[in-house]
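Written out below as structure tokens is the structure these notes cover.
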Amino acid sequence: MSSPGLRERKKARTRRTIQEQALRLFAEQGYEATTIEQIAEASEISPSTIFRYFPTKEDIVLQDDYDPLLIDLLAAQPREKPPLRALRDSFRDALDQVPEAEQQEILGRAKLQITVPAIRARLIQNMMSTMDLLADTIARREGADPTGLPIRTLVGATMGALLPAMYEWVETDGARPLADMIDDAIALLEEGLPIR
């Protein structure tokens, strides 16, 4: 007899296996050259099972479990903390919880997100979904309209700051921790972008 907890753990393991095998194959033979059938074979499952977990090949690279963690951390930030600082601290706290081995996987996924046009296009869609979640959470915190210009601008500027940090992280092959680079980027927003 399996409990819902066991079923969920099994699903999580299968999902993780699919991503690990796909990323390994992408690194070995390239994203375009890797087929769903090859990923399925390496994962010891059927191609149709892959599509139950990931609607598209791009989703194998893009999907992760970080949004719920980020939203929980943001919701737990003290109400007296300014919204931008709450966002900055939430990103830092979330990334600090990612184990070192997983950081290398994130770097591999980020490289694909930047270099593969199909994934890069879907990345923007994913970022928009994350922005909506962040806007809802900030709006609840502040008693504001999540669709209002102030909240959307705050969240949009924060997500916009993540992109150059991620690009630099990839370009330097992860020389500095991503958490530090994102923290530095959001700090620039807090300082009013002191560019002369």
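The values are calculated or read from the model by the stated rules, or taken from the named source; none is laboratory data. Quick caveat, the model's predicted, so the values are computed rather than measured. Cβ sites come from the backbone with ideal geometry, for glycine too, and all protein chains shown count toward neighbours.
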Legend entry - Per-region count, segment 105-118, residues among the hydroxyl-bearing types (Ser, Thr, Tyr) and buried (at least 20 other Cβ atoms within 10 Å of the Cβ): 0
Legend entry - The one condition in (1) of a type outside the set (D, E, K, R); (2) farther than 23 Å from Leu178 by Cβ; (3) surrounded by fewer than 19 Cβ atoms within 10 Å (Cβ to Cβ) that Ile18 fails to fulfil: (3)
Inset, instruction - Please give the number of the condition Gly160 fails out of (1) farther than 15 Å from Asp64 by Cβ; (2) surrounded by 15 or more Cβ atoms within 10 Å (Cβ to Cβ). - result: (2)
Legend entry - Yes/no for Ala121 being crowded, with 18+ Cβ neighbours inside 10 Å and either in the same structural domain as Leu84 (by TED's automatic domain parsing) or farther than 24 Å from Ala75 by Cβ (or both): no
Inset, instruction - Check segment 57-72 and report whether any residue there is over 23 Å from Pro177 (Cβ atoms) and loosely packed, with under 13 Cβ neighbours inside 10 Å. - result: no
Inset, instruction - State all residues of segment 137-146 that are surrounded by fewer than 17 Cβ atoms within 10 Å (Cβ to Cβ) and farther than 15 Å from Arg79 by Cα; if no residue qualifies, say none. - result: Asp145
Inset, instruction - For segment 14-21, indicate whether the set of residues that are within 21 Å of Arg109 (Cα to Cα), touching a Leu at 6+ places or on another chain (Cβ under 9 Å), in a helix (DSSP H, G or I) and not assigned by TED's automatic domain parsing to the domain that holds Ser129 is non-empty. - result: no
Inset, instruction - Return the residue satisfying two criteria in turn: it lies in segment 73-104 and is acidic (Asp, Glu) and surrounded by fewer than 15 Cβ atoms within 10 Å (Cβ to Cβ), and of such residues it is farthest from Phe26 (Cα to Cα). - result: Glu80
